[in-house]
Amino acid sequence: MNQDELKKAAALAALKEVEDGSIVGVGTGSTVNHFIDGLAGMRDRIRGAISSSEASSKRLAAHGIKLFSLDEIEEIPVYIDGADEIDGHFCMIKGGGGALTREKIVAAVSRRFVCICDASKQVATLGKFPLPVEVIPMAAAQVSRELVRLGGSPRLREGFVTDNGNLILDVHGLSISDPVAMETTLNQIVGVVTNGLFARRGADVLLLASAGGVERQL
Ligand code: 5RP
């Protein structure tokens with residue numbers, strides 16, 4: 001199986017995590033796109049979805065899945081999303097697709113976070129994948145200097161603007177031994193909107209696809 005087939009296998013396994021009659025939290029990315037396509041086949045069994053990006057909203061709407069906003073609900077039972085890296089404590093780096101802020105918001109109102117990944121995303125220590133940091137445009141240079149002080153090498157994601165109208169700095173060269181502390185530290189930098197560490201609120205369930213099948217880890 002190639003990587004995309006593994007992503008699809010993890011995504012389709014996540015359909016079993018969806019509760020009948022519920023509003024589903026939906027992440028962003030190529031793995032989640034397979035999930036959305038699968039969700040279309042059971043759209044009459046759910047009330048609808050809360051989306052984490054314009055791209056996912058468009059795909060959900062194209063399948064006739066009703067979209068809700070966070071103004072309409074307080075909590076959702078389950079959030080399904082991919083990751084760029086996930087460690088043994090289910091802390092993650094996310095935001096390769098640039099949707100990290102809305103992903104973190106939807107994850108925050110979800111009772112369960114189900115991460116769907118192919119096995120290449122599993123790592124012992126987070127940080128080989130450049131850590132995305134969403135910044136207010138006028139603060140990009142100042143935030144970059146702070147990130148260098150923390151030992152990283154930030155690079156502006158060229159030609160990319162987030163759904164929130166902000167920029168992304170991809171931070172290379174970080175070896176993140178304490179993801180919770182790093183997430184907290186980065187959140188304190190003025191001008192940072194969100195960082196792509198999902199450690200304070202990590203995943204609750206991992207559906208990990210490899211050649212041997214999809215393993216459900218808790
Ligand atoms: C988007 C994300 C994605 O979940 C992450 O980048 C994984 O993407 P893919 O499923 O395409 O490998 O965080 O902001």
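The values are calculated or read from the model by the stated rules, or taken from the named source; none is laboratory data. From a predicted model like this one, the values you see are computed outputs, not experimental measurements. Every residue, glycine as well, gets a Cβ built from its backbone with ideal geometry; the counts of neighbours run over all protein chains shown. When the accessible area is computed, the model is the full protein with side chains, heavy atoms only, and any ligands, DNA or RNA have been set aside. Shrake-Rupley method; radii C 1.70, N 1.55, O 1.52, S 1.80 Å.
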How large, in percent, is the carbon and sulfur part of the accessible surface of segment 92-218 at a probe radius of 1.4 Å? 54 percent
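Report the gain in length on full extension from residue 161 to residue 148: 0.36 nm times residue separation, minus Cα-Cα distance, nm rounded to one decimal.
Taking 0.36 nm per residue and subtracting the Cα distance, the gain is 2.5 nm.
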Report the gain in length on full extension from residue 204 to residue 63: 0.36 nm times residue separation, minus Cα-Cα distance, nm rounded to one decimal. 48.0 nm
Per DSSP helix of 4 or more residues, -39500 (n - 2.57); summed, then divided by the residues of the chain. What does that give at 222 nm, rounded to the nearest 500? -8000 deg cm²/dmol
For segment 1-149 (alpha-carbon point model, no solvent) the Debye-based log₁₀ I(q)/I(0) at q = 0.12, 0.13, 0.14, 0.21 Å⁻¹ works out to -0.51, -0.59, -0.68, -1.32
Point-charge dipole on Cβ atoms (K/R +1, D/E -1) for the chain, about Cα centre, debye to 20: 120 debye
Within the chain, what percent of beta bridges assigned by DSSP are antiparallel, to the nearest 5? 55 percent
Dipole of segment 34-129 (Lys/Arg Cβ +1, Asp/Glu Cβ -1, origin at the Cα centre): which of 40, 70, 124 lies farthest to the positive side? 40
Which value, in debye to the nearest 20, gives the size of the charge dipole of segment 6-96 about its Cα centre, when Lys and Arg are +1 and Asp and Glu are -1 at the Cβ? 460 debye
Sorted peptide list for 22-29, 211-218, criterion being average Cβ within 10 angstrom, highest first: 22-29, 211-218
Assign one of three labels to segment 63-213, namely rounded, prolate or oblate, based on the Cα gyration tensor with a ≥ b ≥ c the square roots of its eigenvalues; rounded applies when a/c is under 1.5, prolate when it is not and a/b is larger than b/c, and oblate otherwise. oblate
Could you run the Karplus curve 6.51 cos²θ - 1.76 cosθ + 1.60 with θ = phi - 60° over segment 186-198 and give me ³J(HN,Hα) per residue in whole Hz, x for Gly and Pro? 5, 5, 7, 6, 5, x, 7, 8, 7, 10, x, 7, 10
